[in-house]
Amino acid sequence: MIPNTILFDAYGTLLDVSGPGRRLAEKYGDIANDIGARVRILQITYSWHSSMMGRYAPFFDLTRHAVNVAMAEHGFQHEAFLDEFMEGFAQIEAFPDVAETLVLLKEQGINPVILSNGEKRYLERAFSHAGLMEQLSDIITVEEIRIFKPTMDVYRHAQEKCLVRGFVSSNPWDVTGASTFGFRTFWLNRQNRVFDGLAKPDDYSMIRSLKDILHHMANS
């Protein structure tokens, strides 16, 4: 059991999912950004479908399928693009506020733990690429139970491994899931978005920067 834990979603929260498309736009133009944005929507949709049907498939398999669909929707055919996109996703960059925040949390005796729909080997690769592995106390993935967030079983699985003080995600559907389960939940809203999840305002706290979590932990 990991004590004094804050759980973090990975993709979109600590890791910038716009990165693969943005980098490929330098080679392929704006269509790479458009495909990347569509892939993100399809990733989440497919994970929900998978959970509802009871047919688990690894997140990166779903991502590869999403890239193929998004390319077809845009009438874009380029043999190398799929592999380049997947490689970019495997080496996805962290947001600028992540590294310092994780260091400061560790200094306060708080254990940052990832709770992600992704596969552990890809997450380890991404966080290693970002130089963040040493700041993480663990990476918990849905591979272990073969169902995706926001299913309650995923949050329960994390609770069985950690003494959880809070959960942080930039995804409103994830915030809704975690708060419904009973976690103290923080919505990371870097881009001043409208909350489009089903959670009520009293169910979560909004933070504008990841560093804001330091204040909440110090005063709880």
Residues to consider are Leu62, Leu24; find the one that is outside the structural domain of Leu123 (by TED's automatic domain parsing) and under 19 Å from the mean Cα position of the chain (by Cα). Leu62
For Val98, the lone unmet condition from (1) more than 27 Å from Phe85 (Cα to Cα); (2) modelled with pLDDT of 95 or more is (1)
Residue list for region 135-146, filter: within 22 Å of Met1 (Cβ to Cβ) and either at pLDDT 95 or above or surrounded by 15 or more Cβ atoms within 10 Å (Cβ to Cβ) (or both): Gln135, Leu136, Ser137, Asp138, Ile139, Ile140, Thr141, Val142, Glu143, Ile145
Flag if Ser51 is more than 16 Å from the chain's Cα centre (by Cα) and among the hydroxyl-bearing types (Ser, Thr, Tyr): yes
Output the number of the condition that Val103 fails; it satisfies all remaining conditions of (1) in the same structural domain as Asn171 (by TED's automatic domain parsing); (2) of a type outside the set (Ser, Thr, Tyr); (3) more than 21 Å from the chain's Cα centre (by Cα). (3)
I'm trying to understand the selection: among the residues of region 147-177, which are under 19 Å from Ile2 (Cα atoms) and without any contact (Cβ under 8 Å) to a residue 60 or more places away in the chain? Asp153, Val154, Tyr155, Arg156, His157, Gln159, Glu160
Return only the number of the condition from (1) farther than 30 Å from Gly29 by Cα; (2) in contact with a His (Cβ under 9 Å, 6 or more places away or on another chain); (3) at pLDDT below 95 that Glu107 does not satisfy. (2)
On the given criteria, is Asp174 of a type in the set (D, E, K, R) and surrounded by fewer than 16 Cβ atoms within 10 Å (Cβ to Cβ)? no
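Residues checked against (1) within 21 Å of Gly197 (Cβ to Cβ); (2) not hydroxyl-bearing (Ser, Thr, Tyr):
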{"position": "Arg40", "(1), (2)": "yes, yes"}
{"position": "Ser50", "(1), (2)": "yes, no"}
{"position": "Pro58", "(1), (2)": "no, yes"}
{"position": "His65", "(1), (2)": "no, yes"}
{"position": "Val69", "(1), (2)": "no, yes"}
{"position": "Gly75", "(1), (2)": "no, yes"}
{"position": "Glu79", "(1), (2)": "no, yes"}
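The values are calculated or read from the model by the stated rules, or taken from the named source; none is laboratory data. Small disclaimer: the values here were computed from a predicted structure and weren't measured. Because the Cβ atoms are built from the backbone with ideal geometry, glycine has one as well, and the counts that use them run over all protein chains shown.
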